[in-house]
1. So is Gly207 under 17 Å from the mean Cα position of the chain (by Cα), small (Gly, Ala, Ser), modelled with pLDDT of 95 or more and closer than 22 Å to Tyr170 by Cα or not?
2. When you go through (1) at pLDDT below 95; (2) more than 29 Å from Asn78 (Cα to Cα) one by one for Pro225, which number turns out not to apply?
3. If you check every pair at least six apart or on different chains, which have Cβ atoms under 8 Å apart with a residue in segment 72-86 that is part of a helix (DSSP H, G or I) first and a residue that is hydroxyl-bearing (Ser, Thr, Tyr) second?
4. Could you run through segment 247-271 and say how many residues are open to solvent by less than 50 Å² (accessible area, probe 1.4 Å) and either at pLDDT below 95 or basic (Lys, Arg) (or both)?
5. Can you work out which of the residues in segment 235-254 that are aliphatic (A, V, I, L, M) and assigned to a loop (DSSP other than H, G, I, E, B) is farthest from Leu180 (Cα to Cα)?
6. Among the residues of segment 15-71 satisfying the criterion of being small (Gly, Ala, Ser), in a helix (DSSP H, G or I) and over 19 Å from the mean Cα position of the chain (by Cα), which is nearest to Gln102 (Cα to Cα)?
7. Applying the selection to segment 189-201, what residues are surrounded by fewer than 22 Cβ atoms within 10 Å (Cβ to Cβ) and either among the hydrophobic types (A, V, I, L, M, F, W, C) or part of a strand (DSSP E or B) (or both)?
8. Only residues that are in contact with a strand residue (DSSP E or B) (Cβ under 6 Å, 6 or more places away or on another chain), farther than 20 Å from Cys248 by Cα and either among the small types (Gly, Ala, Ser) or open to solvent by 30 Å² or more (accessible area, probe 1.4 Å) (or both): list them for segment 18-64, please.
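The values are calculated or read from the model by the stated rules, or taken from the named source; none is laboratory data. Nothing here was measured: the structure is a model prediction, and the numbers come from that model. Please note: Cβ atoms are built from the backbone with ideal geometry, for glycine as well, and neighbour counts cover all protein chains shown. Only protein heavy atoms, including side chains, enter the accessible area calculation; ligands, DNA and RNA are left aside. Shrake-Rupley method; radii C 1.70, N 1.55, O 1.52, S 1.80 Å.
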Amino acid sequence: MIISTTGTADGNGTFLVYHGPYREIIPRMAACGYKGVEMHIEDSVCILRDELWELLRAYGMRLTSIGTGAIYGKRHYNLVDSDSSIRQAAIGHLRHHMITAQPDHGLVIIGLITGRMQDCTCREEFFWNLEESLYQLDQLAESYDVQLGFELTNRYEREYLIRIADGVEYLRSHNYKRILLHLDTVHMNIEEADIRQAILGAKGYVGHVHIADNDRWYPGHGHYPFLETLQALKDIGYEGTLALETNCLPSEEISAIRSLENMRTMLGQLK
């Protein structure tokens, strides 16, 4: 499993670990010891991809994944909207992220951009539109040779597909080639009655994992059972990314250093 930090060009707020221009934060990530980064990008059309790719190569880092959640709040792009033009805008938006992720065959997260019940008329329309949108995205992901991670969130962010068992059942009923589940310790802490058993039941369906303690600080600051989760992931043969979607408290550097140190220690304790 590769430990990946998170970064965003948005310099405001405490969400995610690193904030600032790529040319400033990527060298700092590498100096801290990270080999992977998950960039949270508002719009891939608006970034200098060549600069990002060149920086990653220069510092021996890999773009493991791209976070896409900001666009739902800012433009309301989503995959289930009753308005087909909004659905197509969301698909086009994610396609550009696939281009950004292509050199490292990274994963593009489908999280808040999935949409909510309020974006359509009923449960049936939600799932009908979601299925249609995901099949289009799956075909695009195959053409760009990237992966898609369908994020299982919590009841406060989405009404359906919030538990791991529900996500597994949904994927089993469809023939997606490039879509797997994206787990998040914060969401699992809210929704799963037995986190270990839920993960064990998802063998073969986990494509990405977000790591943060229950309070969104670095792992080890709160009380989330990381050893149980990491052992379950190892037991199902998961070899993908553990992306640190933590805040940057008490500072970016302390959050980054303690996250990496604590995760390495816990991974070393697995059986």
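1. For Gly207, the condition - under 17 Å from the mean Cα position of the chain (by Cα), small (Gly, Ala, Ser), modelled with pLDDT of 95 or more and closer than 22 Å to Tyr170 by Cα - is met.
2. It fails just one condition, (1).
3. Ile86/Tyr77
4. Final tally of qualifying residues: 4.
5. This residue is Leu249.
6. Filtering segment 15-71 for residues that are small (Gly, Ala, Ser), in a helix (DSSP H, G or I) and over 19 Å from the mean Cα position of the chain (by Cα), the one nearest to Gln102 (Cα to Cα) comes out as Ala58.
7. Initial filter on segment 189-201 (surrounded by fewer than 22 Cβ atoms within 10 Å (Cβ to Cβ)): 189-198, 200-201.
Those that are surrounded by fewer than 22 Cβ atoms within 10 Å (Cβ to Cβ) and either among the hydrophobic types (A, V, I, L, M, F, W, C) or part of a strand (DSSP E or B) (or both): Ile190, Ala193, Ile195, Ala198, Leu200.
8. Arg62 - this is the single residue of segment 18-64 that is in contact with a strand residue (DSSP E or B) (Cβ under 6 Å, 6 or more places away or on another chain), farther than 20 Å from Cys248 by Cα and either among the small types (Gly, Ala, Ser) or open to solvent by 30 Å² or more (accessible area, probe 1.4 Å) (or both).
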